[in-house]
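Please treat every number below as a calculation from the coordinates, not as lab data. Keep in mind the model is a prediction, meaning the values are calculated, not measured. When we count neighbours, we look across all protein chains shown, and the Cβ atoms used for this are built from the backbone with ideal geometry, even at glycine.
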Amino acid sequence: MAAIFQGVGAAATLSSSPSNSFVPKKFLTSPRRSFCVRKVPSSVVVRSDGSVNFDLNSKSRRAQQLVANAVATKADSSAASSSSNPGHELLLFEALREGLEEEMERDPCVCVMGEDVGHYGGSYKVTKDLAKKFGDLRVLDTPIAENSFTGMGIGAAMTGLRPVVEGMNMGFLLLAFNQISNNCGMLHYTSGGQFTIPIVIRGPGGVGRQLGAEHSQRLESYFQSIPGIQMVACSTPYNAKGLMKAAIRSENPVILFEHVLLYNLKERIPDEDYICNLEEAEMVRPGEHVTILTYSRMRYHVMQAAKTLVNKGYDPEVIDIRSLKPFDLYTIGNSVKKTHRVVIVEECMRTGGIGASLTAAITENFNDYLDAPIMCLSSQDVPTPYAGTLEEWTVVQPAQIVTAVEQLCQ
Amino acid sequence: MPTLLSAWFNSHQPNLHPPSFYSLSLFRSSHPPPSPNPTLAMALSRFASSSRSGSLLKPLSSAISLRRPISTDTTPITLETSVPFTAHQCEAPSRTVQTSANELLTFFRDMALMRRMEIAADSLYKAKLIRGFCHLYDGQEAVAVGMEAALTKKDCIITAYRDHCTFMARGGTLLEVFAELMGRQAGCSRGKGGSMHFYKKDSNFYGGHGIVGAQVPLGCGLAFAQKYSKDEAVTFALYGDGAANQGQLFEALNISALWDLPAILVCENNHYGMGTAEWRAAKSPAYYKRGDYAPGLKVDGMDVLAVKQACTFAKEHALKNGPIILEMDTYRYHGHSMSDPGSTYRTRDEITGVRQERDPIERIRKLILSHDLATEKELKDIEKEVRKEVDDAIAQAKENPVPESSELFTNVYAKGLGVESFGADRKEVRATLP
């Protein structure tokens, strides 16, 4: 699945959002939601055979006349390559490495800690050759002790260093949950602002290719309640490098979620220094009929479904939310106001996942703009099985997305 | 240990220098002492050096209604610690310590202040002005004071939730302590941390942590940062005998030893992990030995001079050879926290026994008196003064307002990130890349 090049002209190089530049005025909602009683959004049950059932709250739906020959506006990829600088092509893990390397050169306080990041070069090659370049004190091989080396990273961050802590797999960071929750997230607050924790915790997560239940976890759903941290998920080489750099430069603790299956994506990215806004969502494909919100690997399932949808005459708007905490309700809100229908496609499990929180957030803030209940397609609430076919049914597949959109847009 | 005390007295020559006099300062010892009044000082000093007892001076001083100055002499006094150090994988430092009258009196004052502060916190808790958890440090003051005497402000200290006195030793003020305990604006963490979250960044005091044992990896991280920035300073990571059984401690020690970090792990062994005695919680209660490959030292934590000696030794050692463990054999008079009476798992006799035999403040008091560095009355005056300070601070803290409601949302995230971005609430204007 080719990643779509996001850069649009010279503005792309320094702007944080490659598409429409948003004027940050009249932003209506803040993350401080009013704690009013909210309607329970209807749930969608996606069965393993692909059929979708959902119960509608009987609301009068606008009889929308769908444009039969909706044109799928490609995200300016042709315009992009005509930009002033051709850029260079690389794979996603190389983009991460480039971002990390540039930041380490720029700021001597940046160091990397993790298992096998140094001499081995990183289990996904994200830190390859960095130890040779920067030395053992800046690229540190730790023993297998997540709790303590995450704690040490946080302690070092309290003094002003900017460590990048790598979890070899996000699931291993469960062992460091106490450090991440209590010390990383809360120290800025409980010290009355005395300490900032400019740490980056990164690692691959998500469902891979038959890796088994314990190595296919989606930690974003567990970490999302921790106050004081920011969570971002990268999905293309462009935003991987941009988010890595922004995360390192941020004064707040940032958890950067990568995906095991996306490391080999290839894309052409700009040569110049650029960063991606940590709190902003990415408009992947503008549209009119339905807003599809997604992140990380599911973006590609959505784009595949979008092709099918376009052929069938729908015009989906696809947004890669990128920022998992806090949600970019500005971008999302504008989209909801335009399309009035929302489908969320995520890889988290149904219970307590990012999709569940996003559904609640959109319903609370944009209920008046919704023509139909939000559909949230998530992974099943099961440990990820080993068998290939079962694993496929655990996550949302493009066919299910197509069916869901069709049912929503009836 | 009465026999040892008399041994000190007999084996050491009393200080024959006439103490230089400074009028008793009403302010904290951080203020420079006012200059002496020469004529009066000379007159009094002649009386003092000729007669060794204060009895001659008492009527005189009360008649003149002057306060007799206290010794702030800095000529070295050589003493011995109560017990020798026990070492594991290293050479124990000598029992002989150098101190001075000034230092001993500072120790006395600081420990008396801490003791008074903790007792006052006890009363405030019972009056429901302090809520939640309140873990008191009385009995263990010698560890905080002795450690501070061995360090500079460049060295970092991190501890667990029994942090009021360590915060004071690092330069905190009474107002900050009481305001934070009562949840007011003037507290060191603006009222948002509470008893377990005292921090003082400018003195490198890193808190203040509620989860048992979690501060030890943080402390090793501080040591890592010190090594990274080539600070030539060390980190003291304090934990209790209960926390000594946490796995993350051994993980952090392993990494510190591998990377040669200037980390000193200090086990404040007060023999009870909340309600569980150490022999019931640890198969090997020799905490100083549990570092295995890391050297360790067992110290009498009720003797402030021994603590100071051990910390000086540990600092030198860590800067050269990497992590070292110090076990401070100490005792807490209160229960684990204010909700624990402290008598269900130990006898009252044990508590009173320790108070009589090993109390750190009494030890210093006896030292001072036996070396004639000050009189009973002067020491009592110090205690009265300290009590007044504490009462004043409490009164001031009670007047202090509670935090504004808007404070609920401040400091969740750090703003002003310096990159082109919005703040988490999307209200900031775009900042540009530096």
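The alpha carbons of the stretch A:93-237 stretch over 39, 38, 30 Å along the principal axes, in descending order. Residues whose amide H comes within less than 5 Å of that of A:Arg162, counting only those at least five positions distant or on another chain, are A:Val110, A:Cys111 (H built at 1.01 Å from N in the peptide plane).
How would you classify the stretch B:168-255 from its alpha-carbon gyration tensor, with a ≥ b ≥ c the square roots of the eigenvalues: rounded for a/c under 1.5, else prolate if a/b is greater than b/c, otherwise oblate? Before the final figure, lay out the partial values.
Working: a/c = 2.84, a/b = 1.52, b/c = 1.87.
It comes out oblate by the Cα gyration axes.
Only aspartates and glutamates eight or more places from B:Lys398 in sequence, or on another chain, were considered; those with a Cα closer than 18 Å are B:Glu118, B:Asp122, B:Glu176, B:Glu180, B:Glu389. Across the stretch A:219-353, the mean sequence separation of Cα contacts (distance under 8 Å, 6 or more residues apart), normalised by length, yields a relative contact order of 31 percent. The residue list B:Thr173, B:Gly193, B:Cys156 was ranked by how far each Cα lies along the charge dipole of the stretch B:126-193 toward its positive end, using unit charges on Cβ atoms, and B:Gly193 comes out on top.
Here A:Lys338 is the anchor, and the aspartates and glutamates within straight C-alpha reach of less than 13 Å, apart from those fewer than 8 places off in the same chain, are A:Glu288, A:Asp315, A:Glu317, A:Asp368, A:Asp371. Restricting the GluC sites (Glu not before Pro) of the stretch B:202-297 to loop positions (DSSP other than H, G, I, E, B) with no more than 13 neighbouring Cβ atoms within 10 Å leaves B:Glu232.
Listed by chain and number, the lysines whose C-alpha is less than 20 Å from the C-alpha of B:Lys384, apart from same-chain residues fewer than 8 away, are B:Lys58, B:Lys366.
Quote the charge dipole size of the stretch A:179-316 about the Cα centre in Debye, to the nearest 20; the model charges only the Cβ of Lys and Arg (+1) and of Asp and Glu (-1).
Details: 13 positive and 13 negative charges, 99 e Å.
Dipole about the Cα centre, nearest 20: 480 debye.
Need one word for the stretch A:311-406: rounded, prolate or oblate. Basis is the Cα gyration tensor (sqrt eigenvalues a ≥ b ≥ c); a/c below 1.5 gives rounded, then a/b vs b/c decides. Write out the running numbers ahead of the final one.
Values: a/c = 2.29, a/b = 1.46, b/c = 1.57.
Oblate.
Taken over the stretch B:331-371, the percentage of Cα pairs per 10 Å bin, counting from 0 up to the bin with the maximum distance, is 28, 41, 22, 9, 0.
How big is the dipole moment of the stretch B:113-178 about its Cα centre under a simple scheme where the beta carbon of each Lys and Arg is +1, that of each Asp and Glu is -1, and everything else is neutral? Debye, nearest 20, please. Please list the in-between numbers first.
On the way: 9 positive and 8 negative charges, 37 e Å.
Dipole of the stretch B:113-178, to the nearest 20 debye: 180 debye.
Pairs B:Lys227/B:Lys289; B:Lys230/B:Lys320; A:Lys245/A:Lys307: which exceed 22 Å Cα-Cα? Over 22 Å Cα-Cα: B:Lys227/B:Lys289; A:Lys245/A:Lys307.
Taking amide H as placed 1.01 Å from N in the peptide plane, A:Cys376 has its amide H under 5 Å from the amide H of A:Val44, A:Ile344, each at least 5 places away in sequence or on another chain.
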